[in-house]
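Remarks on the structure that follows.
The values are calculated or read from the model by the stated rules, or taken from the named source; none is laboratory data. Note that the structure is a prediction, hence the values are computed from the model and not measured. Positions of Cβ are generated from backbone atoms using ideal geometry, with glycine treated the same way; all protein chains shown enter the neighbour counts. These area figures cover heavy atoms from the full protein model, side chains too; ligands, DNA and RNA do not enter into them. Shrake-Rupley method; radii C 1.70, N 1.55, O 1.52, S 1.80 Å.
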Amino acid sequence: LQKSLSETFGADKYSRARKEVLTYMFSRPMQMALYFCTGVLDDERLFHHYALNVPFYTHFTSPIRRYADIVVHRLLSASLGARSPITMEKEAIQKQADHCNDRKMASKRVQELSADLFFSVFVRVRP
């Protein structure tokens, strides 16, 4: 499959863009992760990370890009005693998680539409 894709990408000035778009299109069907407040979910199986096969998982990255990462850092710091406890109710945290999920889904949709447009142009100009 990789050899076939490499031949499809070509070696012209658009080959890198074709590779990125097609790679993205192949990975699109993967399930997207969602943010949630653990205090509002009763079923601990929902905390499982399928690909990593671990029973409990939290998304933990640098807090410079996404608000959700800042919230995770604050909650983990509070749970470790490195900062004062969070005073927000779990429902308010879940409301923020829902908002982050909505924005992430909207962003993903725009990205998909952009890739679809590029792919349509690519197919049209390519014999």
Condition test on A51, is it of a type in the set (G, A, S), outside the structural domain of R103 (by the TED database) and modelled with pLDDT under 80?
no
- Test S6 against the stated conditions and say whether it is out of contact with any Pro (no Cβ under 8 Å at 6 or more places or on another chain), assigned to a loop (DSSP other than H, G, I, E, B) and modelled with pLDDT under 80. no
Residues of the stretch 90-113 being out of contact with any Cys (no Cβ under 6 Å at 6 or more places or on another chain) and open to solvent by 80 Å² or more (accessible area, probe 1.4 Å), in sequence order, are E91, K95, H99, D102, R103, M105, R109, V110, Q111, L113
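Conditions (1) over 16 Å from the mean Cα position of the chain (by Cα); (2) under 30 Å from R126 (Cβ atoms); (3) loosely packed, with under 14 Cβ neighbours inside 10 Å; (4) in contact (Cβ under 8 Å) with a residue 60 or more places away in the chain, marked per residue:
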position: A11; (1), (2), (3), (4): yes, yes, yes, no
position: E20; (1), (2), (3), (4): yes, yes, yes, no
position: R45; (1), (2), (3), (4): yes, no, yes, no
position: H73; (1), (2), (3), (4): yes, no, no, no
position: A82; (1), (2), (3), (4): yes, no, yes, no
Exactly one of D102, D42, D69 is part of a loop (DSSP other than H, G, I, E, B) and either acidic (D, E) or in the same structural domain as K3 (by the TED database) (or both), and that residue is D42
Notebook entry, point to check: Looking at T87, is it open to solvent by less than 60 Å² (accessible area, probe 1.4 Å), in a loop (DSSP other than H, G, I, E, B) and among the hydroxyl-bearing types (S, T, Y)?
Noted result: no
